[in-house]
1. Take every DSSP beta bridge whose two residues both sit in the chain, then give the antiparallel share in percent to the nearest 5.
2. Taking the simple approach of a point 7 Å from Cα along Cα-to-Cβ for both residue 216 and residue 92, what is their distance in nm?
3. In sequence order, what are the phi-derived ³J(HN,Hα) couplings for region 94-99 according to the Karplus relation 6.51 cos²θ - 1.76 cosθ + 1.60 with θ = phi - 60°, rounded to whole Hz, with x for glycine and proline?
4. So what are the ³J(HN,Hα) numbers for region 198-210, from phi and the Karplus equation (6.51, -1.76, 1.60; θ = phi - 60°), rounded to whole Hz, Gly and Pro as x?
5. Quick check: pseudo-label points 7 Å beyond the Cα along Cα→Cβ at residue 177 and residue 124, how many nm apart are they?
6. Please work out, to two decimal places, the log10 of the ratio I(q)/I(0) at q = 0.12, 0.14, 0.24 Å⁻¹ from a Debye calculation in which every Cα of region 159-216 carries one identical scatterer.
7. Evaluate the relative contact order of the chain (contact order divided by residue number), counting alpha-carbon pairs under 8 angstrom at least 6 apart; express in whole percent.
8. Quick check: at a probe of 1.4 Å, how many percent of the accessible area of the chain sits on carbon and sulfur atoms?
Amino acid sequence: MPMFFKPASEEKKKVGLIEELSPLVGELEEGSMAAVVTTDALAQAILQYSSLANALNSGITAYYLEPTNGFSLKLLSKLSENTENLFLGKIYTLDELSSALELVGDNSLVFVSNFSILENQSREKLIKMRRTVDEKGLFLILSHNTLEINELDLNSEFRRLFNIPELFEHLLVLRTSGYRGHYRMNISVLRAPPEFVKNIGEHSIPIDKKAKLFLI
């Protein structure tokens, strides 16, 4: 049954995906989802640990879920010493992810790595997941790191990797590049919150300080 409501006047809590990107794509609000493709390990690390640290440093409980063993407390400590409200979990199917979202606390941040290799995906399950995010006011980031992406047809790539890209407030592709000790984050913005719609397209920003934290 559909539900109607008046827009809330109070400000919702927000969490930045990567601080350096916030002026370009905004931040993730409660009850919102981001789908992010990274094409190299450094871009994935910056996204993963920045978003988790931003939540923890704001007093928001954070959950990290994935089917492999790709998490390092040492790397997270470069951005946040507060790990008291951090929880790690293993998931292998979309059903397990949906169950995990039912268990996490309201208004928490959930970061899912390697999302697109989870088994048993379907439109119905993704829409159910979206409903849970809305009802619990979660910040949900689904990421996938891949070396194979058709840069000429990113819309189709998001549909292949995330099934229903229309469910997300943010659709981003992140890549890092370096030259003579300087680093840039190259970003394709396919979707962003309404006030940032003017920035849809291709961008490149300096990210020396953040990149070097992970390369030292």
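The values are calculated or read from the model by the stated rules, or taken from the named source; none is laboratory data. Computed from a predicted structure; not experimentally measured. Cβ coordinates were reconstructed from backbone atoms using ideal geometry, including for glycine residues, and neighbour counts include every protein chain displayed. When the accessible area is computed, the model is the full protein with side chains, heavy atoms only, and any ligands, DNA or RNA have been set aside. Shrake-Rupley method; radii C 1.70, N 1.55, O 1.52, S 1.80 Å.
1. Details: 17 of 43 bridges.
Once the DSSP bridges in the chain are tallied, antiparallel ones form about 40 percent.
2. The answer from the label model is 4.0 nm.
3. 5, 4, 5, 5, 4, 5
4. With coefficients 6.51, -1.76 and 1.60, one gets 5, 9, 4, x, 9, 9, 9, 10, x, 9, 3, 4, 5 Hz.
5. About 4.5 nm separates the two model spin labels.
6. The Cα Debye sum returns log10 ratios of -0.38, -0.50, -0.94.
7. Numbers: 382 pairs, mean separation 56.4, N = 216.
RCO, the chain: 26 percent.
8. Numbers: 5920 of 11100 Å².
Solvent-exposed carbon and sulfur of the chain make up 53 percent of the total.
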